[in-house]
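For reference, the structure discussed in these notes is given below.
What follows is calculated from the coordinates using simple rules that are stated; it is not laboratory data. Being a predicted model, the structure only gives us computed values, none of them experimental. Quick reminder, even Gly has a Cβ in these numbers, built from the backbone with ideal geometry, and neighbours come from all protein chains shown.
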Ligand SMILES: CC(C)(COP(=O)(O)OP(=O)(O)OC[C@H]1O[C@@H](n2cnc3c(N)ncnc32)[C@H](O)[C@@H]1OP(=O)(O)O)[C@@H](O)C(=O)NCCC(=O)NCCS
């Protein structure tokens, strides 16, 4: 099969600002690091259950590292904000598989803000951006078989799981089987 030369990558394209009127995605600035760290710390218990990077020592410097890394080509990590600018979580595309035009979606929403559809809204915005601007054809979502909340989000975005991958996720020294979901560009 021919290489990707005939499909120039658009991964360098920066996300400027996406909104559906309820949630807004825009690149984090280094000045946002304290707010990102505070949001992580406020929800540490629920985040630690599923996300390996969420640890008790997550601080503003950790957030600055994420902000710097989230702006590189092939990675699109952004805070999720409400209309008043409050950072309530984040949403990101990563693991760009260039020849196959695939990326993986991840998300978290702080415990004080869950159950309002924000993860679903933010994910829809980012998936549309991936298809329209980044030349992505497939967005994959991997969710632990034990994470029912995230499964509800993924199912609303993608429909039922396509498969179960054995011991695909490593969380707090335990292997979790993962459901794999896929959203395809129309
Ligand atoms: C999973 C998470 C992102 C959901 O965020 P959210 O903004 O509440 O998501 P939404 O409001 O869009 O949807 C939440 C769904 O979970 C459901 N839900 C809420 N609490 C639940 C529970 N205890 N058990 C099962 N489902 C639950 C809601 O009813 C809703 O589904 P429905 O609208 O179809 O009924 C958030 O809980 C979170 O950040 N969890 C920790 C980190 C994480 O798991 N990230 C994903 C890793 S793959």
> Just for the chain, what percent of DSSP beta bridges are antiparallel, to the closest 5?
Replying inline: 90 percent
>> Can you tell me, using C-alpha contacts under 8 Å and at least 6 residues apart, the relative contact order of the chain as a whole percent?
In response: 19 percent
> How big is the range 91-186 in terms of Cα radius of gyration and Dmax, in angstroms?
Replying inline: 13.2, 40
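Please report the equivalent ellipsoid semi-axes of the range 139-186, computed as sqrt(5 x eigenvalue) of the Cα gyration tensor, largest first, in whole Å. Mind dumping the intermediate values first?
Details: eigenvalues 80, 24, 12 Å².
Semi-axes, largest first: 20, 11, 8 Å.
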> Using alpha carbons only, what's the Rg to Rh ratio of the chain with Rh from Kirkwood?
Replying inline: 0.95
> What nm value, rounded to one decimal, do you get for the distance between residue 14 and residue 172 when each label is placed 7 Å out toward the C-beta?
Replying inline: 3.8 nm
> Based solely on its DSSP helices, what 222 nm [θ] is calculated for the chain when runs of n ≥ 4 H residues each add -39,500 (n - 2.57) and the sum is averaged over all residues, nearest 500 deg cm²/dmol?
Replying inline: -8500 deg cm²/dmol
